[in-house]
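Quick one: this structure, given as structure tokens, is what I'll be asking you about.
The values are calculated or read from the model by the stated rules, or taken from the named source; none is laboratory data. Just so it is clear, the model here is predicted, and its values are computed rather than measured. With ideal geometry, Cβ positions are generated from the backbone for all residues, glycine too; neighbour counts draw on all protein chains shown. Side chains included, ligands, DNA and RNA excluded: accessible areas come from the protein's heavy atoms. Shrake-Rupley method; radii C 1.70, N 1.55, O 1.52, S 1.80 Å.
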Amino acid sequence: MKKSLLRALSALLLLIAVVFCGCIIVIPDSDSIGESKTFEADGITLLLTDRFVEQESEVGFDAYYVSDFCGVMVLKEEFTLKEGLSEKPLSEYIEGVIENNGHTNIEPQNKDGLWFYVKDNDDTRIYSYSYKGSDAFFIVQFACYLADIEALEDIIHLWAQAVEVE
């Protein structure tokens with residue numbers, strides 16, 4: 001039952017994206033990326049696929065999921081880290097993230113109500129989405145090879161839309 005519910009949710013997300021975007025989205029099939037699967041970490045729920053496995057992060061992320069085509073890293077920054085942090089809107093928070101990471105020539109973007117930025121490295125692209133919960137900001141980074149962008153860009157945005165924070 002849960003599996004069919006997740007399939008229905010995935011189909012609904014696809015339909016909503018097509019209706020609101022007015023475009024055809026290229027999404028890899030389930031043979032390529034797997035079936036929908038929910039992952040939960042401290043205060044956050046992600047809808048990815050069963051091709052992802054959770055791993056221990058060696059670089060300070062609060063959650064880390066990998067597949068053969070994409071990596072997903074989650075960082076939780078509690079409001080108690082800095083006075084006034086809880087009052088910041090997402091747009092200001094993501095500007096601060098970009099600045100604190102020393103990124104130049106990167107502007108925050110807003111698509112479908114989601115704040116994020118995109119950074120290309122040698123052969124990878126990282127999409128960094130920000131979310132505001134009741135007691136923390138969350139950064140969810142999706143990393144994939146540049147060669148796979150055309151096939152994964154839209155599905156990554158759908159996964160980002162499905163993120164839920166407490």
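Local charge sum around A136 (other residues, Cβ-Cβ under 14 Å, Lys/Arg +1, Asp/Glu -1)?
Residues close to A136 contribute a combined charge of -4.
Counting Lys +1, Arg +1, Asp -1, Glu -1, what net charge surrounds I126 among other residues with beta carbon under 9 Å of its beta carbon? Display every interim value, and only then the final one.
Values: positive: K119, R125; negative: D120.
With Lys, Arg at +1 and Asp, Glu at -1, the net is +1.
On to the next question. Where only protein heavy atoms count, and the probe is 1.4 Å, what is the accessible area per residue for the stretch 80-166 in Å²? Write down the numbers at each step before the final one.
Numbers: 4770 Å² over 87 residues.
Per residue, the stretch 80-166 has 55 Å² of solvent-accessible surface.
While we're here: Quick check: pseudo-label points 7 Å beyond the Cα along Cα→Cβ at D50 and V165, how many nm apart are they?
Each label point lies 7 Å from its Cα, and together they span 3.0 nm.
Also: Quantify, in whole percent, the carbon and sulfur part of the accessible surface of the stretch 60-114 (1.4 Å probe; protein heavy atoms only).
Roughly 43 percent, rounded to a whole number.
Using R₀ = 25 Å, calculate the FRET efficiency as 1/(1 + (r/R₀)^6) where r is the Cβ-Cβ separation of S91 and I149; round to 0.05. Walk me through the numbers on the way to the answer.
Values: r = 25 Å, r/R0 = 1.00.
Computed FRET efficiency for S91 and I149: 0.50.
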